[in-house]
Amino acid sequence: MFKGWFRRRATVTATPSNSTYRHGNDTLIELRNVTKVFETAAGPFTALDNIMLNVDRGEFVAIIGKSGSGKSTLMNMISGIDRPTSGEVFIGDTAVHTLNESEMAVWRGRNVGIVFQFFQLLPALSLVENVMLPMDFCNMFTPRERRERAMMLLDQVGMADQAHKLPSAISGGQQQRVAIARALANDPPIILADEPTGNLDSKTAQQVFTLFEKLVDQGKTILMVTHDSDMARRVSRAVIIADGRIVNEYVAQALPALTLDQLGWVMRHADIRTYAPGAVIIEQGSQADNFYIITSGDVEVFIEHPDGGEIIVNHLSTGSYFGEIGLLRQGRRTAGVRAGFATGCEVAVLDQHEFHTLLAESEATRNTIERVARERHSQTQAAAHDDM
Ligand code: ADP
Ligand code: MG
């Protein structure tokens with residue numbers, strides 16, 4: 001279902017970053033080494049495994065992943081509905097994981113608007129009363145202002161004319177729009193939406209999504225769990241979760257034909273290594289052993305001549321891989337690779353066994369990598385020839 005959609009994003013994800021999940025200096029949400037272990041009858045179950053995530057103010061982030069991968073658990077860590085077993089959650093200057101229950105409720109009421117898949121409006125209250133509820137709860141605004149503000153918010157979502165109806169009298173899409181108005185009641189900087197369109201037909205889902213886009217334009221920061229790959233393409237960033245881990249976005253970009261399961265497999269097996277500026281990663285002539293995906297910084301590919309000269313044959317940056325030629329030929333390295341001189345690099349590394357396992361699993365990935373290897377090899381040969 002998500003196959004191939006990174007290809008399109010790849011053209012817009014040109015953001016250079018010095019650390020893998022950092023996207024600027026205006027961080028609003030920061031998860032540091034967040035792990036969540038549930039105690040179950042079958043023993044401890046790790047739902048989130050050492051999550052590192054930074055979200056900037058004003059970002060619209062889609063969270064995608066299979067059912068059971070940990071998306072809702074992640075959202076609950078950010079909203080403070082649940083707590084990490086270990087690790088830290090910062091929202092702005094607030095260390096959310098350290099708040100006690102009553103501090104948490106007030107903090108959440110003012111800072112996070114939550115939208116659920118099944119709307120969860122109170123059935124006995126009118127729509128306008130539902131929207132007023134968070135203001136009542138957090139004692140925001142005067143009672144008179146609360147009603148005016150609720151009407152203004154209902155107007156913003158196109159529901160003002162039905163303000164006095166009960167939730168049961170309107171459609172699912174309308175209920176979700178009211179739920180969004182309710183999420184906005186205290187003007188929180190963050191909206192968390194867990195599959196907000198999961199229970200809506202596609203036309204209504206589009207309207208809800210458009211509403212979120214409008215809110216992002218107004219400065220809100222939104223995290224939205226979605227199964228809809230079209231929507232995931234239209235947000236500023238997609239975070240993929242597989243088996244409780246975040247799939248590095250550049251790994252996903254480098255190997256766009258992989259399924260979510262296969263990406264999860266890569267994340268479990270890859271070693272992350274960093275190289276200082278100019279450090280040699282691959283020595284020309286050495287026996288090929290590893291496959292590398294650049295997750296930060298860049299590299300240069302070079303060939304040496306017996307006379308001591310050197311030719312740069314390629315520059316590669318985040319979302320590119322290298323090391324495939326030697327592995328496919330099961331031979332010696334035809335060129336050297338070193339970390340870029342400006343920032344160095346970070347790479348995700350698979351060993352040759354893991355590399356071949358992956359290619360056996362994904363024929364599309366094999367075909368692409370083999371084609372890239374052929375093109376690069378002839379490029380290198382040509383460069384070597386030109387020079388002689
Ligand atoms: P998603 O939202 O991606 O479908 P969840 O975050 O709801 O996934 O759940 C992730 C995993 O954690 C699932 O395997 C689920 O069964 C498990 N899990 C979630 N909540 C609990 C809980 N309270 N107790 C035990 N296991 C849980
Ligand atoms: Mg869920």
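The values are calculated or read from the model by the stated rules, or taken from the named source; none is laboratory data. Please read these numbers as outputs of a predicted model, since none were measured by experiment. Note: ideal-geometry Cβ built from the backbone for every residue, glycine included; neighbour counts use all protein chains shown. Please note that ligands, DNA and RNA were not included when accessible areas were found on the heavy atoms of the full protein model with its side chains. Shrake-Rupley method; radii C 1.70, N 1.55, O 1.52, S 1.80 Å.
Can you find, within the range 46-70, the residue that is nearest to ligand 2 (Cβ to nearest atom) among those that are within 22 Å of T98 (Cα to Cα) and out of contact with any Ser or Thr (no Cβ under 8 Å at 6 or more places or on another chain)? Here the answer is G70.
Looking only at the range 278-333, which residues are among the β-branched types (V, I, T) and in contact with a Lys or Arg (Cβ under 9 Å, 6 or more places away or on another chain)? Residues satisfying the conditions are V280, I281, I282, V299, V301, V313, I325.
Going by the conditions given, is T334 within 17 Å of R268 (Cα to Cα), of a type outside the set (K, R) and either open to solvent by 20 Å² or more (accessible area, probe 1.4 Å) or in contact with a Gly (Cβ under 8 Å, 6 or more places away or on another chain) (or both)? So T334 does not fit the description; no. With respect to S102, is the statement that it is at pLDDT below 95, among the hydroxyl-bearing types (S, T, Y), open to solvent by 40 Å² or more (accessible area, probe 1.4 Å) and over 17 Å from P189 (Cα atoms) true? Yes: the conditions hold for S102. Could you pull out the residue among L211, L192, L154 that is surrounded by 14 or more Cβ atoms within 10 Å (Cβ to Cβ) and at pLDDT below 95? Of L211, L192, L154, the one residue that is surrounded by 14 or more Cβ atoms within 10 Å (Cβ to Cβ) and at pLDDT below 95 is L211.
Of all residues in the range 277-316, exactly one satisfies the criterion of being within 15 Å of V347 (Cβ to Cβ) and without any contact (Cβ under 8 Å) to a residue 24 or more places away in the chain, namely L316. Scanning the range 193-205 finds one or more residues that are under 28 Å from the mean Cα position of the chain (by Cα), within 16 Å of ligand 1 (Cβ to nearest atom) and polar (S, T, N, Q). Scanning the range 105-151 for residues being open to solvent by less than 40 Å² (accessible area, probe 1.4 Å) and not aliphatic (A, V, I, L, M) gives a total of 9. For the range 96-103, state whether one or more residues are away from ligand 1 (no atom under 16 Å from the Cβ) and in contact (Cβ under 8 Å) with a residue 24 or more places away in the chain. No: zero hits. A342 falls short on exactly one of the conditions (1) part of a loop (DSSP other than H, G, I, E, B); (2) under 12 Å from F291 (Cβ atoms), and that condition is (2). Would you be able to say whether some residue in the range 360-375 is on the phi > 0 side of the Ramachandran plot and either open to solvent by less than 10 Å² (accessible area, probe 1.4 Å) or not charged (D, E, K, R) (or both)? There is no residue in the range 360-375 that is on the phi > 0 side of the Ramachandran plot and either open to solvent by less than 10 Å² (accessible area, probe 1.4 Å) or not charged (D, E, K, R) (or both). Return the residues of the range 60-75 that are near ligand 1 (Cβ under 6 Å from one of its atoms) and touching a residue at least 12 places away in the same chain (Cβ under 8 Å); say none if nothing qualifies. G65, S69, G70, K71, S72, T73 - these are the residues of the range 60-75 that are near ligand 1 (Cβ under 6 Å from one of its atoms) and touching a residue at least 12 places away in the same chain (Cβ under 8 Å). When E363, E346 are screened for being assigned by TED's automatic domain parsing to the domain that holds A279, at pLDDT 95 or above, touching a strand residue (DSSP E or B) at 6+ places or on another chain (Cβ under 7 Å) and charged (D, E, K, R), only E346 passes.
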